[in-house]
Amino acid sequence: MGLRAALHMRTCSLLFIEDYHISDKFILLYFNKFQAKTTLADSLLASNGIISQKMAGKLRYMDSRKDEQERGITMKSSSVAVHFQKDKDHYLVNVIDSPGHVDFAGEINTAVRLCDGAIILVDVVEGIYPQTKVALQQAWIGHIKPLLILNKVDRLILEWKLTPLDAYARLVQILEQINAVMGELFASDVLKKSENKSNNADNETYNSDEKVFDWSSGLDDSDDSKVYFSPEQGNVLFASALDGWGFGVSHFAKLFASKLGAKEDVLKRTLWGDFYFNSKTKQILKGAQAKAKKPLFVQFILENIWSVYEAVAVQRDNLMVDKIIKSLNLNIPARDINHKDPKVKLQAIFRQWLPLSDSVLEMVCNFVPSPLELSEEKVESLMCSSSLKFDILPEETRKLKSDFLKCSPSKDAPVIVCISKMFPTERKMLPEYRQRPLTAEEIAERREKARQKHAEKIIEQSESQPSVSSEISNLVPKEPSNLENNTDENTAFIAFARIYSSTIYKGQKLYVLGPKHDPAKALKMDIPLSEDITVHDLNPEQHITLATVKNLYLLMGKELIELDEVPAGNVIGIGGLQDHVLKSATLSTTIACPSFIDLHSTTVPIVRVALEPSHPREMPLLVKGLRLLNQADPCVQVFVQETGEHVLVSSGEVHLQRCVDDLKESFAKIDINVSAPIVPFRETIIPPPKLDMVNEVIEEKSQQKKVLKVEDEALENDVGKDGIITMKTPNKLSCVKIRAKPLPPDITRLLEENASLLKILDQVFYSHNNSENNDILTPETITTLEELKNNLDKYFCEAGNEWVNAVHQIWTFGPRRCGPNILLNRISNYKRPSIWSIKSSDTMSDTPHFNFDSTFISGFQLATLSGPLCDEPMMGVCFIVEDWTFDKDICTVDEIVDKNLKIELNDIATSNHTSNPSLDIDASSTVSSGPSSASSTPFGPFTGQIMSTVKEACRKAFQAQPQRLMCAMYSCIIQVNTDMLGEYLKFLNVHLKLHNLQPESIN
């Protein structure tokens, strides 16, 4: 149960989780790779005695994987609990070290969901990267408090050889750039809120003779005092993680307050900025830059640090070093003072004078909110998507908001636990399987058993001698009886989770709610639950299982400490959920609890490779390994293509290599063949050519077909005027007329950029037509949808007269109902509600078209998902439905469904009667007479016929136009120092030629 140095059983007062849940802090160490995040984590661990001070920065304790140590980068998020005492208050700080490499952005998203604060490290030499902006944006979206550390100040001294004044100018420049990013985030957020208010209220006031308009943006009235990073506020540290030092201006304010005769609060506000000290009047004045004076930060802080580096690392003046140590009242061991390596001397001096861990933990305790201080805005963002209203949640769900805010450890409160990811560990590393010292009783018992076995062995040898044949048989090695890989037995999955309410304990039974869990639907359904049902047994409409908490662990990097129970406000590991959680989930005692909302991911897996075992008989082991990898990695995708290939999708080359290594060494433990990266394609069409090869105008239809190379006779017969394809269902009861046209490029781009918005639009449209709650969207989302509609209408009108009013004829988007392809409804006798009718009271027309509407859409989705060229998704294609007719004998869909059902019952009855003559079923009574039923018998359900007919008609309409394949382009931003630009361009050109790549430089 102990937290403070519990791994090493040190003789100190143990701190218990139960006593410190109120003072818990959750921070995330995040920035780009090679920014000393893990070195900083080592310093925090050394402050608790988990590792030695001398190993901080060298051990990289949080990087427990072999490849992490070899590459020098973090690949997996790992957590550790650190104790800190400030005055008389005790704090438990949960530190999560996250990767900085862009390939592992999924790990960062899982960590952000659990944290209340983030430490952003910035290299003062390299400056801000694009990843810096991403880090700040993630912190802003996740409503977590960002703190800034300007790291590697030592490089300004030893590498750039800057003076203290020049270094100060560099620090000011970087801080301004970072605050500019924060200002952009703040302004965009305020403008969004202001726009929402203007949509909810009427901003125009009409009088008898005048109109008053409110043009205020809200920026002037918004308080941004706590938005920016400011050293005088205390949310900025200056540090060198490698040398183990760091400080805020408050540290030197305390130090110089008595010496200068100034108040400490005044020094806190003036040590950073354009202030200088007048030695004659003993006053702090403003205008250092205008009067060419040294700022206080340079005179009292940087010059002192520069003098230490100058004496120790540059001049190596031992007399000056001794003088500095005495003036600072430091107690440095003689072995460090006499060490030949100046780095050892620097670290020994700075770690006593300006300890990095104390500065960081003090800043965290001052600024990061505790679990009891969660804001209502953050709670609502966890419970409900930003595009939907919080008020649409069921009443039982809305009541849980107060439990989030209370963060009560009471066992009477509902349990709310967020599982952000599942991480694998060797089963032998778990505390319950780890070897422990034997007690005296256990040693005596083992000694007695050994004596008995030895005595029995002597008796057996004296009674009979083994035959020669038996001795030979014993020498022959036996083949293992079970060749199956027991990876599941060797690997255990632990849930990485945070408790938001109540207390969780061993043996507790909880609901496991999947990411797609909808409390509104779950409360209406009576779902029988059993612990035997796993996540793999659920159907697509079920997202709830019942599980028992088997083990609880305190996360200490690669080490785990077993616990019996843990109250709210802690980050823990939970065992026993491997069969119930795929990647992320929510644990609760009530199904009214919503599933935690996934944060927006900044990266999408793009690198695809096909995997196969070196030996075909090991395919089951590969499948099992891929299943485990998919569960262990939050940003990997695994699926099987129609060709039967097992495809692995990763975020980049480094991520791919790590996944393959995990499969070979941990999950599958077999040799694997990895294909070259699979390049994704898209299928599209272009406008027909107007001129042939000899620049003659193409007028005749036959000549146009010749140019388009329409060689298939069946296709040529189906193509009518203007490329219209006419097809009938196999039973000849329905006929569709479809033609394909290329979408304007602006339309395709707009659809591609707003895929998530199209998905929301589709969900709202069908919930509206299913008589569900209509008022579910936030005003912001409604405004965004209106803007999308207006932009589409604008681009359609600019494309020509043939596209006028097309935005109101949109039937659906595809593939997956949110893709860059459109289905237009131009059927004269079928007026369906517009897909944009979010709050409209329009109803579907009572025609056969309405009854088969979803079936028609399914055919379109299948066609756009797999094109005719190479079974790749389509892009930028518009399918226009000119006509859709039914046979006159068909009155309603109910008749067709009844006829098909009766035919199926007749088939069942006939087969049963044949197999069991005792069954007396009047088959004639279940079969209706008539040509319709007879004609539909051999063709299957009528819905399936329509679906396949629409799919084939779309594919043929596509083939009737000039077809093209679109190759993917990877866009990236390359940032390099000016002095290295020439060398980098040479290297880039050689690399591109070597791999036969054809880049396109945008800027």
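The values are calculated or read from the model by the stated rules, or taken from the named source; none is laboratory data. Small disclaimer: the values here were computed from a predicted structure and weren't measured. Every residue, glycine as well, gets a Cβ built from its backbone with ideal geometry; the counts of neighbours run over all protein chains shown.
Numbers below:
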| read-out | value |
| --- | --- |
| Residue that is modelled with the lowest pLDDT [pool: residues in the stretch 976-992 that are polar (S, T, N, Q) and surrounded by 10 or more Cβ atoms within 10 Å (Cβ to Cβ)] | ASN977 |
| Test: residue in the stretch 317-339 that is over 30 Å from GLY49 (Cα atoms), of a type in the set (S, T, N, Q) and surrounded by fewer than 19 Cβ atoms within 10 Å (Cβ to Cβ) | yes |
| Residue among LYS152, LYS133, LYS161, LYS145 that alone is touching an Asp or Glu at 6+ places or on another chain (Cβ under 7 Å), of a type in the set (Lys, Arg) and farther than 26 Å from CYS384 by Cβ | LYS152 |
| So PRO130, is it crowded, with 18+ Cβ neighbours inside 10 Å, in contact (Cβ under 8 Å) with a residue 12 or more places away in the chain and either closer than 30 Å to CYS635 by Cα or acidic (Asp, Glu) (or both) | no |
| All positions within the stretch 232-249 that are in a strand (DSSP E or B) and β-branched (Val, Ile, Thr) | VAL236 |
| Some residue of the stretch 447-465 being of a type in the set (A, V, I, L, M), under 53 Å from the mean Cα position of the chain (by Cα) and either surrounded by 11 or more Cβ atoms within 10 Å (Cβ to Cβ) or at pLDDT 85 or above (or both) | no |
| In the stretch 833-875, the residues that are at pLDDT 85 or above and in a loop (DSSP other than H, G, I, E, B) | ILE835, TRP836, PHE852, SER866, GLY867, PRO868, LEU869, CYS870, ASP871, GLU872, PRO873, MET875 |
| Residue satisfying all of: in the stretch 84-110; in a helix (DSSP H, G or I) and among the β-branched types (Val, Ile, Thr); surrounded by the most Cβ atoms within 10 Å (Cβ to Cβ) among these | ILE108 |
| Cβ pairs under 9 Å, 6+ apart, first in the stretch 964-975 and under 25 Å from PRO742 (Cα atoms), second surrounded by 10 or more Cβ atoms within 10 Å (Cβ to Cβ) and of a type in the set (Ser, Thr, Tyr) | ARG964/THR684; LEU965/THR684; MET966/THR684 |
| Matching residues in the stretch 310-325 - criterion: being part of a helix (DSSP H, G or I) and of a type outside the set (Val, Ile, Thr) | GLU310, ALA311, ALA313, ASN318, LEU319, MET320, ASP322, LYS323 |
| Qualifying positions in the stretch 507-523 - in contact with a Ser or Thr (Cβ under 9 Å, 6 or more places away or on another chain) and either surrounded by fewer than 21 Cβ atoms within 10 Å (Cβ to Cβ) or without any contact (Cβ under 8 Å) to a residue 24 or more places away in the chain (or both) | GLY507, GLN508, LYS509, GLY514, PRO515, LYS516, ASP518, ALA520, LEU523 |
| Any hit, the stretch 595-606, residues being at pLDDT 90 or above and surrounded by fewer than 18 Cβ atoms within 10 Å (Cβ to Cβ) | no |
| Output for the stretch 626-674, where each listed residue is assigned to a strand (DSSP E or B) and among the aliphatic types (A, V, I, L, M) | VAL638, VAL640, VAL647, LEU648, VAL649, ILE672, VAL674 |
| Only one of ASP67, ASP103, ASP97 that is touching a His at 6+ places or on another chain (Cβ under 6 Å) and not hydrophobic (A, V, I, L, M, F, W, C) | ASP103 |
| The lone exception for ALA81 - which of (1) of a type in the set (A, V, I, L, M); (2) in contact with a Leu (Cβ under 8 Å, 6 or more places away or on another chain); (3) assigned to a loop (DSSP other than H, G, I, E, B) it fails | (3) |
| Residues of the stretch 807-828 that turn out to be among the polar types (S, T, N, Q) and surrounded by fewer than 19 Cβ atoms within 10 Å (Cβ to Cβ), as a count | 1 |
| Selection count, the stretch 393-403, where residues are outside any loop (DSSP other than H, G, I, E, B) and buried (at least 17 other Cβ atoms within 10 Å of the Cβ) | 5 |
| Test: residue in the stretch 720-737 that is assigned to a strand (DSSP E or B), more than 28 Å from GLN963 (Cα to Cα) and modelled with pLDDT under 90 | no |
| Pairs where the first residue, in the stretch 101-119, is touching a residue at least 12 places away in the same chain (Cβ under 8 Å) and within 16 Å of MET75 (Cα to Cα) and the second is among the polar types (S, T, N, Q) and surrounded by fewer than 23 Cβ atoms within 10 Å (Cβ to Cβ), C-beta under 7 Å, 6+ apart | VAL102/GLN131; VAL102/THR603; ALA105/SER601; ALA105/THR602; ALA105/THR603; GLY106/SER601; ASN109/SER601 |
| Tabulated pairs, the stretch 609-636, first under 16 Å from VAL535 (Cα atoms), second of a type in the set (Ser, Thr, Tyr) and surrounded by fewer than 20 Cβ atoms within 10 Å (Cβ to Cβ), C-beta under 7 angstrom, 6+ apart or interchain | LYS624/THR487; LEU628/THR487; LEU628/THR491 |
| For CYS891: the one exception among (1) assigned to a loop (DSSP other than H, G, I, E, B); (2) modelled with pLDDT of 55 or more; (3) over 24 Å from LEU785 (Cβ atoms) | (2) |
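Condition check ((1) touching a strand residue (DSSP E or B) at 6+ places or on another chain (Cβ under 7 Å); (2) modelled with pLDDT of 95 or more; (3) surrounded by 14 or more Cβ atoms within 10 Å (Cβ to Cβ)) across all residues:
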residue: ASP633; (1), (2), (3): no, no, yes
residue: THR643; (1), (2), (3): no, no, no
residue: GLN657; (1), (2), (3): no, no, yes
residue: ILE672; (1), (2), (3): yes, yes, yes
